[in-house]
Amino acid sequence: MVTSSGACGVVTPRHPRRKPKNCLDTLATARLLGEAISAKHFPEVRSLHSDLKVMKTISSDGNVLSEETTREHLRQNADHWKEHGFGLWVFRRKSDGRFVGRGGLKLYEIEGENVVGLAYAVLSDYWNQGFATEMAEASLRIGFETFDFPEIVLWTLPTNLAAQRVTEKFGFRYIRYGEFAGLWHVFYRLSALEWKGA
């Protein structure tokens, strides 16, 4: 079960400038609490960007990101929340408040088309405990059931087998190999009809 604060209007990739008010600043899952990512989360996101195991799954060269890059990442994601009323959350365990990772939904432009993408990353200390799946499920539920997005896409490096297992759990369909951020990725798609029929 996912609970969230705020009430949202419908936002679609075709209408990216429509901004719901007071939308989804926080949410809770069975084991996690999430809050909209912002500059105040620098220490947590910095720890994620300094985790070499994580960076091998999401970075072009697998290296630790600079502090400047982390700050820019936070700025861009906070701006995304302000503009679109949804975005990435920082997730902590309910049990002890420890930072686990970040995840959520973002609007991207890929090959001239606006798409809603599912994104998540978990500190390597918490791998293989189901947290990525929990973040992904909460994000998908909000995307399809709160925002009524017609589809959500996900892409991952071909070597990121753990992320590909998450796609299988939720019924994402393979679309193609393609380039994103200068690297080849595997692209997947999940439609609202497939989600609701699952």
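Criterion applied to LEU157, LEU118, LEU123 was being modelled with pLDDT under 90, of a type in the set (A, V, I, L, M, F, W, C) and closer than 24 Å to THR57 by Cα, and the one residue passing it is LEU157. Within the stretch 58-74, the set of residues being assigned to a loop (DSSP other than H, G, I, E, B) and in contact (Cβ under 8 Å) with a residue 24 or more places away in the chain comprises SER60 only. From the set of residues in the stretch 125-164 that are over 25 Å from LEU183 (Cα atoms) and of a type in the set (Phe, Trp, Tyr), which is surrounded by the fewest Cβ atoms within 10 Å (Cβ to Cβ)? Within the stretch 125-164, the match that is surrounded by the fewest Cβ atoms within 10 Å (Cβ to Cβ) is TYR126. All conditions but one from (1) crowded, with 16+ Cβ neighbours inside 10 Å; (2) not in a strand (DSSP E or B) apply to VAL100; the one that does not is (2).
Scanning the stretch 130-156 for residues that are in a loop (DSSP other than H, G, I, E, B) and over 16 Å from TYR108 (Cβ atoms) turns up GLY130, ASP148. Residues that are modelled with pLDDT of 50 or more and in a loop (DSSP other than H, G, I, E, B) within the stretch 6-52 comprise CYS23, LEU24, ASP25, THR29, ALA30, ARG31, ILE37, SER38, SER50, ASP51, listed in sequence order. Would you check if SER95 is hydroxyl-bearing (Ser, Thr, Tyr) and buried (at least 20 other Cβ atoms within 10 Å of the Cβ)? Answer is no for this residue.
The values are calculated or read from the model by the stated rules, or taken from the named source; none is laboratory data. A quick note: this is a predicted structure, and the numbers were derived from the prediction, not measured. Every residue, glycine as well, gets a Cβ built from its backbone with ideal geometry; the counts of neighbours run over all protein chains shown.
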